[in-house]
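Okay, so here's the structure we're looking at.
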Amino acid sequence: MTTMSLETETPALAPAAAFDTMRHAMVASQLRTNAVSDQRVVAAMARVPRETFMPEGVRSIAYRDAAIPLGGGRYANLPMATGRLLTEAYLTPTDRVLLIGAASGYTAAVLSEIVGSVVAVESDPALLATARAALDGVGNVEIVAAPLNEGHAAGAPYDVLIVDGAIEAIPDALIAQVRSGGRVVSGIAEHGLTRLASGRKTDGGFALAAFVDVECVVLPGFDTPKPFRF
């Protein structure tokens, strides 16, 4: 595990002390009250400066209980949604994690403080650049440029698959990259609603079970083909 030390220049309207206050308010009001019960996840989210991973124009709202625009039609997931996913992943210090939807790198930064290594996949060039700059020097995170629905088979097998956003279904190509006995957590988008789900891959197959309905950002590139209708 690597302990992060990330520093950034903060806007005049929100000095470092204000960000610290907002971060601790997020922990108290969004995480602890919404079943984010893994204390390692809570502690990591209390330490990692989320504002560092946000475009300058939205840093002042980095800790808001809402999807934060990152540009190009992408959004940072809600802190509570990310916290619940990481809690339900039952992370261990030796885990090798495949993170789908790295965005600007925040969730990878949180994971880096809890698990052994993280492969974070992102398809958007601007977000890739932001994530790589923000995570420079964090030795247990690898940022990979690839379509989100393809993952990174070269690094498989992984102990945990985390999809930090909602998709219609997890592609077989991603499940194939998880070891037998590995854990999977993801947001699921269905009929205009989003929920969080978890599952475990076994030699006999794989299935997800939803555990809470919450707002969760939708990731691009996972649309399933719609049946043709006359």
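If you scan region 84-106, which residues turn out to be open to solvent by less than 10 Å² (accessible area, probe 1.4 Å), among the aliphatic types (A, V, I, L, M) and in a loop (DSSP other than H, G, I, E, B)?
A89, L91, A102
Being of a type outside the set (G, A, S) and either within 15 Å of the chain's Cα centre (by Cα) or exposed (fewer than 15 other Cβ atoms within 10 Å of the Cβ) (or both) is the filter here; which residues of region 14-30 pass it?
Hits for region 14-30 are P15, D20, T21, H24.
Of the residues in region 196-218, how many are outside any strand (DSSP E or B) and under 15 Å from G165 (Cβ atoms)?
The total comes to 4.
Quick one: in region 123-132, which of the residues that are assigned to a helix (DSSP H, G or I) and free of Cβ contacts under 8 Å to residues at least 60 places away in the same chain is surrounded by the fewest Cβ atoms within 10 Å (Cβ to Cβ)?
P125
Hey, can you tell me all the residues within region 185-201 that are among the aliphatic types (A, V, I, L, M), without any contact (Cβ under 8 Å) to a residue 40 or more places away in the chain and open to solvent by less than 30 Å² (accessible area, probe 1.4 Å)?
Matches in region 185-201: I188, A189, A197.
Among the candidates A109, A120, which residue alone is under 10 Å from the mean Cα position of the chain (by Cα), among the hydrophobic types (A, V, I, L, M, F, W, C), crowded, with 24+ Cβ neighbours inside 10 Å and assigned to a strand (DSSP E or B)?
After applying the criteria, what remains is A120.
So the check is Cβ under 7 Å with 6+ separation or different chains; which pairs have a first residue in region 142-163 that's touching a residue at least 12 places away in the same chain (Cβ under 8 Å) and at positive phi and a second one that's in a helix (DSSP H, G or I) and open to solvent by 40 Å² or more (accessible area, probe 1.4 Å)?
G151/A173
The values are calculated or read from the model by the stated rules, or taken from the named source; none is laboratory data. What you see is a predicted model, and the numbers here were worked out from it, not measured in a lab. Cβ: placed from backbone, ideal geometry, glycine included. Neighbour counts: every protein chain shown. To get the accessible areas, we keep the full protein, side chains included, count just its heavy atoms, and leave off ligands, DNA and RNA. Shrake-Rupley method; radii C 1.70, N 1.55, O 1.52, S 1.80 Å.
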